[in-house]
1. When you look at Ser65, is it surrounded by fewer than 11 Cβ atoms within 10 Å (Cβ to Cβ), closer than 15 Å to Ser7 by Cα, free of Cβ contacts under 8 Å to residues at least 24 places away in the same chain and of a type in the set (Ser, Thr, Tyr), yes or no?
2. Inside the stretch 111-130, can you point out the residues that are away from the ligand (no atom under 15 Å from the Cβ) and part of a helix (DSSP H, G or I)?
3. So, of the residues in the stretch 87-119 that are among the charged types (D, E, K, R) and in contact (Cβ under 8 Å) with a residue 40 or more places away in the chain, which turns out to be surrounded by the fewest Cβ atoms within 10 Å (Cβ to Cβ)?
4. Hey, can you tell me all the residues within the stretch 77-110 that are over 16 Å from Val32 (Cα atoms), within 13 Å of the ligand (Cβ to nearest atom) and among the hydroxyl-bearing types (Ser, Thr, Tyr)?
5. Restricting to the stretch 70-86, name every residue that is surrounded by 19 or more Cβ atoms within 10 Å (Cβ to Cβ) and either touching a Lys or Arg at 6+ places or on another chain (Cβ under 7 Å) or hydroxyl-bearing (Ser, Thr, Tyr) (or both).
6. So, in the stretch 30-76, of the ones that are away from the ligand (no atom under 16 Å from the Cβ) and aromatic (Phe, Trp, Tyr), which residue ends up nearest to the chain's Cα centre (by Cα)?
7. Out of the residues in the stretch 1-38 meeting the condition of being among the charged types (D, E, K, R) and exposed (fewer than 11 other Cβ atoms within 10 Å of the Cβ), tell me which one is farthest from Ser102 (Cα to Cα).
Amino acid sequence: MKKDRKSCPSSTCEEGAILLGVVNSNGTIGYVSTPVTIDQEFIDEAQQQGVPESNFRFSNTCVESGCRQWSNGKCGVIQKIMWSNEDVSLPAQLPDCSIRDSCRWYFQEGAKACSFCPYIITNMLEKQSQGVTEK
Ligand code: SF4
């Protein structure tokens with residue numbers, strides 16, 4: 001990754017991505033504190049358990065305007081989540097993740113993004129952006 005490029009903390013399961021965390025049984029993220037780059041073997045195994053983005057969080061290079069979530073020079077994902085949960089009080093926390101130095105969300109929103117981050121599951125975001133609701 002180029003030094004000045006940020007990392008997307010909610011990317012897809014593809015070769016070369018970083019395994020950011022695992023979705024725990026309570027629906028929150030258990031972070032992997034040292035960077036683990038995933039390979040095809042990991043992807044094959046993850047796909048056998050279902051949609052990987054429902055069970056894990058991945059990080060990859062933020063592609064900025066190349067992403068449909070990019071809006072007004074920023075990542076629209078974390079902004080939308082924070083704005084729509086303005087009245088939610090979450091414990092201040094900085095999870096032990098492996099990408100804080102380059103994280104797009106932390107760069108934009110600071111520690112507040114980290115308070116929301118453990119509750120974010122990439123596949124749910126994708127469904128919400130497509131207007132799909134869980135039954
Ligand atoms: S928002 Fe915070 S906890 Fe989440 S990946 Fe970025 S730096 Fe880590």
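Nothing in this text is a laboratory measurement; each read-out follows from the coordinates by a stated rule. Note that the coordinates shown come from a computational prediction; the quantities given were computed from them, not determined experimentally. As a convention, Cβ positions derive from the backbone with ideal geometry for all residues, glycine included, and neighbour counts pool all protein chains shown.
1. Working: surrounded by fewer than 11 Cβ atoms within 10 Å (Cβ to Cβ): yes; closer than 15 Å to Ser7 by Cα: yes; free of Cβ contacts under 8 Å to residues at least 24 places away in the same chain: yes; of a type in the set (Ser, Thr, Tyr): yes.
Spelling it out, Ser65 is indeed surrounded by fewer than 11 Cβ atoms within 10 Å (Cβ to Cβ), closer than 15 Å to Ser7 by Cα, free of Cβ contacts under 8 Å to residues at least 24 places away in the same chain and of a type in the set (Ser, Thr, Tyr).
2. Applying the first criterion (away from the ligand (no atom under 15 Å from the Cβ)) to the stretch 111-130 yields 123-124, 126-130.
Residues satisfying the conditions are Asn123, Met124, Glu126, Lys127, Gln128, Ser129.
3. As a first pass, look at the stretch 87-119 and keep what is among the charged types (D, E, K, R): 87, 96, 100-101, 104, 109, 112.
Now drop any that are not in contact (Cβ under 8 Å) with a residue 40 or more places away in the chain, which leaves 96, 104.
Numbers: Asp96: 12, Arg104: 25.
Applying the filter and picking the extreme gives Asp96.
4. Matches in the stretch 77-110: Tyr106 only.
5. Cys75, the sole residue that qualifies.
6. In this case the residue turns out to be Trp70.
7. Of everything passing the filter in the stretch 1-38, Lys2 is farthest from Ser102 (Cα to Cα).
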